[in-house]
Amino acid sequence: DAGITQSPRHKVTETGTPVTLRCHQTENHRYMYWYRQDPGHGLRLIHYSYGVKDTDKGEVSDGYSVSRSKTEDFLLTLESATSSQTSVYFCAIGGGSGSYNEQFFGPGTRLTVL
Amino acid sequence: SQKIEQNSEALNIQEGKTATLTCNYTNYSPAYLQWYRQDPGRGPVFLLLIRENEKEKRKERLKVTFDTTLKQSLFHITASQPADSATYLCALDNYGQNFVFGPGTRLSVLP
């Protein structure tokens, strides 16, 4: 793996509770991404970051917020989790030195909202 | 809205044959088109990238073509092996922003 970790790897929570997922990289890549992957929908981009404190929305950003205060960390927050946010969440990094923005993915976080 | 389609949801081929996967897109002008492999329970792994001004790219048994007029990419695996069985995803990219992934094609290589 390209120096990307996600925590937690599994989480079960209840509807209405806040949840924060963390992505940590040791590769000094410029871009960081959060995706969710669901059967029938494939990978969908939630938010991405193109630098510290620089973020933008993806295709399915409603109900999610992100923050990036350091190059190595990108946090995804569900302010009030809903059952529709049950999914597998992947973090990815890209834009490393000499690259064409190919992405390297973390191991994923399986989130279940009851 | 942007849309990516990949040929069948699943593709079965015999070991040793060439697998050909298709990626078609609409309402997008990508700078790059990328192919990834995903195994069950794991994150996608980058395989190949082709730029908008390139027609073909090769890497070992893999070959990618890119036709921006047809808005189509073909991904070939020659001399396929059972270990090539996985889901293959295509992705469109505009310089690191606005990444869009296709739904994937699940390839099974039968011994």
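The values are calculated or read from the model by the stated rules, or taken from the named source; none is laboratory data. Everything numeric here is computed off the predicted structure, so don't read it as measured data. Glycine gets a Cβ as well: all are built from the backbone with ideal geometry, and neighbour counts include every protein chain shown. Heads up: the accessible areas ignore ligands, DNA and RNA and are worked out on the full protein's heavy atoms, side chains in. Shrake-Rupley method; radii C 1.70, N 1.55, O 1.52, S 1.80 Å.
Values computed for the structure shown
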| read-out | value |
| --- | --- |
| Gain on full stretching of the segment that runs from A:ASP38 to A:SER69 - 0.36 nm per residue minus C-alpha separation | 8.3 nm |
| Chain B: relative contact order as a whole-number percent, Cα under 8 Å and 6+ apart | 36 percent |
| Under the Debye formula (equal points on every Cα, no solvent term), log10 I(q)/I(0) of the protein assembly as shown at q = 0.07, 0.10 Å⁻¹ | -0.22, -0.45 |
| Difference of contour (0.36 nm per residue) and Cα-Cα distance, B:THR20 to B:SER85 | 22.1 nm |
| In order through region A:79-85: 3J(HN,Hα) via Karplus (6.51 cos²θ - 1.76 cosθ + 1.60), integer Hz, x for Gly, Pro | 5, 8, 4, 10, 4, 5, 8 |
| Residue-normalised accessible area of chain A, expressed per residue, 1.4 Å probe, Å² | 47 Å² |
| Where A meets B: accessible area buried, both sides, 1.4 Å probe, Å² | 1500 Å² |
| Pairwise centroid distance, computed over Cα atoms, of region B:1-43 with region A:57-82, Å | 27 Å |
| Entries in A:LYS53/B:LYS59; A:LYS70/B:LYS57; B:LYS3/B:LYS55; B:LYS17/B:LYS57 that, when Cα-Cα distance is taken, lie over 25 Å | A:LYS53/B:LYS59; A:LYS70/B:LYS57 |
| Karplus 3J(HN,Hα) series, Hz, for region A:9-25 with 6.51 cos²θ - 1.76 cosθ + 1.60 (x for Gly, Pro) | 8, 9, 8, 10, 9, 10, 3, x, 8, x, 9, 10, 10, 10, 10, 10, 10 |
| Inter-probe distance in nm under a simple model that places probes 7 Å from Cα toward Cβ, at B:ARG61 and A:LYS11 | 4.0 nm |
